[in-house]
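Inspection log for the structure reproduced underneath, given as structure tokens.
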Amino acid sequence: MTDQRTWRSVRFVWAVLSVVLLETVLLGGAIAPALAFVQWQARWPINDGLRVLLLSLAVVPLYLLFAALLVIMSALATRVLGWRTPAGITARLADFEWPVLTWGRYLMTIHVVRVFAGPAFRSSPIWSWYLRLNGARVGRLVWVNSLSVMDHNLLEFGDNVVVGADVHLSGHSVERGLLKTAPVRLGAGTVIGVGSVVGVGVTTGPETQVGALSVVPKFSALEGHTSYGGVPVQRLH
């Protein structure tokens, strides 16, 4: 029992340290070009007023560059390290087994990107491209206007899918200390209304419409060419 607790502690500490190390490298690497520009600009032979004006005008482009680099570097890093949400598992969180720790590290990298880059790129082709690069299967003309979309490698979005603002959608649930995972598949043309919650294991047919502030229970299968709404969702027409 003591050995098991020791190994659990070792695994947990290593997982935390690896995340801290990775995010230190990613954030440092992403912000380096902006800092280099500021240092370079400080050597220009111009008066202070013009220097302040130029730096002010550079804030937005430098932030977008930082955010774009963070998106690319983070997605590539999780791909190389193999940090993904394991599909179809049921595992005790308290055991700190590697599948759970890998899931936790993957979600942490997603969280850092959505905090620093999400406000700039959400509901844009760049955000859909990031989801794809980070493991999701995303079709053409997909618009995701929510930063609460997790477990990217368990997501499948067909062409023309729209995910509204503040939608919570992920491929995991935690129940009584157990982590459970399953894919979420949205058929082509599916629209998820603002503020809705889509549970783990949900599938929708093509052209499914889910109204705003609805709850789609876990493992629900919604028919295509149909509208749903409510808590939990009910077929409307």
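No lab work stands behind these numbers, since they all come straight from the coordinates. What you see is a predicted model; the values in this text were computed from it and never measured. Virtual Cβ from ideal backbone geometry, glycine too; neighbours counted across all protein chains shown.
Would you mind telling me the antiparallel percentage of the DSSP bridges in the range 181-236, rounded to 5? If you can, show how the numbers build up before the last one.
Values: 2 of 12 bridges.
Expressed as a percentage, antiparallel bridges in the range 181-236 total about 15.
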Which Cα, out of Pro125, Leu107, Ala136, lies furthest along the positive dipole direction of the range 83-157 (beta carbon charges, K/R +1, D/E -1)? Pro125
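Kindly rank 141-152, 11-22, 66-77 from highest to lowest mean number of other beta carbons found within 10 Å of each residue. Display every interim value, and only then the final one.
Numbers: 141-152: 20.7, 11-22: 14.2, 66-77: 19.2.
The packing order, highest mean first, is 141-152, 66-77, 11-22.
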Student exercise, the range 118-181 dipole from Lys, Arg, Asp, Glu Cβ charges, in Debye to nearest 20: 100 debye
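Looking at the chain, send over the antiparallel percent of its DSSP beta bridges, to the nearest 5. Please report the intermediate quantities before stating the final value.
Values: 9 of 31 bridges.
If we restrict to bridges inside the chain, about 30 percent are antiparallel.
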For the chain, give the magnitude of the charge dipole about the Cα centre (Cβ charges: +1 Lys/Arg, -1 Asp/Glu; no others), in debye to the nearest 20. 300 debye
Positive-pole candidate from Gly189, Phe157, Gln4, dipole of the chain, charges at beta carbon: Gln4
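Report the charge-dipole magnitude of the range 20-97 in Debye, nearest 20, computed about the Cα centre from +1 at each Lys and Arg Cβ and -1 at each Asp and Glu Cβ.
On the way: 5 positive and 4 negative charges, 36 e Å.
Charge dipole of the range 20-97: 180 debye, to the nearest 20.
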Listed residue (Gly177, Val210, His225) projecting farthest to the positive dipole end of the chain, Cβ model: Gly177
Cα gyration tensor category, rounded, prolate or oblate, for the chain with a/c compared to 1.5: oblate
Is any helix in the chain, taking whole DSSP H runs, at least 20 angstrom long along its axis by alpha carbon and on average at least 1.6 on the Kyte-Doolittle scale, and which ones? 48-81
What is the spin-label model distance, in nm, from Ala165 to Val20 if the labels are put 7 Å beyond Cα along the C-beta direction? 3.7 nm
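Per 0.36 nm of contour for each residue apart, how much would the distance between Phe219 and Arg51 grow if the chain were fully extended, relative to their Cα-Cα spacing? Present the calculation step by step, with values, prior to reporting the outcome.
Working: separation 168, 0.36 × 168 = 60.48 nm, distance 5.72 nm.
Once the chain is fully extended between Phe219 and Arg51, it gains 54.8 nm.
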